[in-house]
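Here's the structure we're looking at; comments come further down.
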Amino acid sequence: MYRIITIFFLLFTALCAAAQDGNYENAEVRSGFFRRIFKNEKKSKQESVRKITVPRTETVRWLNENMVPAEDFIDRFEMTVPDSVPKIELFMTNPVNGWYVEGKVINALNGGADIHKNDFYSYPDYKRIASVALQNEVSIVPVFDLSDYNLFFSETTGHEMLSVEGWRFARALIKEFLEETQTDSIAFAVPEGKYRKFIEEIMVGYPDTAYYYIN
């Protein structure tokens, strides 16, 4: 009896050693018994990764103090715009830097004057911005703030925006922007009263463009 037990033990030891030495051609053919012995053996698993989409619920009012470069919207949109944003109210005017638009009507005056102090959005760039945003299910609404004193506008034109002469330049710039970009919507910050009536007179000529006022 002792010899039988000894032989069985030696045979069992030899089989375990063979398994550890890789004598099995395919690990998957091991019996349930040996699977239990080697239960700690690691197996590769393919895990599927699912992207979680966050609902876009938050409208951002982008004051654009230093002007976000067009390249950030066009080439790095996902890094620039948070996933939760469905609409960006993008300011196209700045009290110090002027207007962030091409301003051909101003450039044609005084030997090539600019309406922007530093950088600006060309009309082709702006249309690219709006197009890339639309592909990402985000709408861009350009905002023109006419209620605040605009230093560079006054220095360039010689008039404040809401003066009689200054409004002529502002109106020309707004119409130029609407015609060049064909934007679906636009917003204005402008005092109540006659100036909102002036805006309404402009927008009558662009029935396909929605507009609204912000405080």
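The values are calculated or read from the model by the stated rules, or taken from the named source; none is laboratory data. All values reported here derive from a predicted model rather than from experimental measurement. Cβ: placed from backbone, ideal geometry, glycine included. Neighbour counts: every protein chain shown. For the accessible areas, the whole protein counts, side chains as well, though only heavy atoms, and no ligand, DNA or RNA atoms are used. Shrake-Rupley method; radii C 1.70, N 1.55, O 1.52, S 1.80 Å.
Are any residues in segment 65-98 of a type in the set (S, T, N, Q) and surrounded by fewer than 19 Cβ atoms within 10 Å (Cβ to Cβ), and if so, which ones?
Across segment 65-98, the qualifying residues are Asn66, Thr80, Ser84.
Among all residue pairs at least 6 apart or on different chains, which show Cβ distances below 6 Å where the first residue, located in segment 194-211, is at pLDDT 95 or above and the second is open to solvent by 80 Å² or more (accessible area, probe 1.4 Å)?
Met203/Tyr211
Which of the residues belonging to segment 99-144 are among the β-branched types (Val, Ile, Thr), within 20 Å of the chain's Cα centre (by Cα) and open to solvent by 10 Å² or more (accessible area, probe 1.4 Å)?
Within segment 99-144, Val132, Ile140 qualify.
I'd like the full set of residues that are open to solvent by 40 Å² or more (accessible area, probe 1.4 Å), of a type outside the set (D, E, K, R) and assigned to a helix (DSSP H, G or I), limited to segment 165-194.
Phe169
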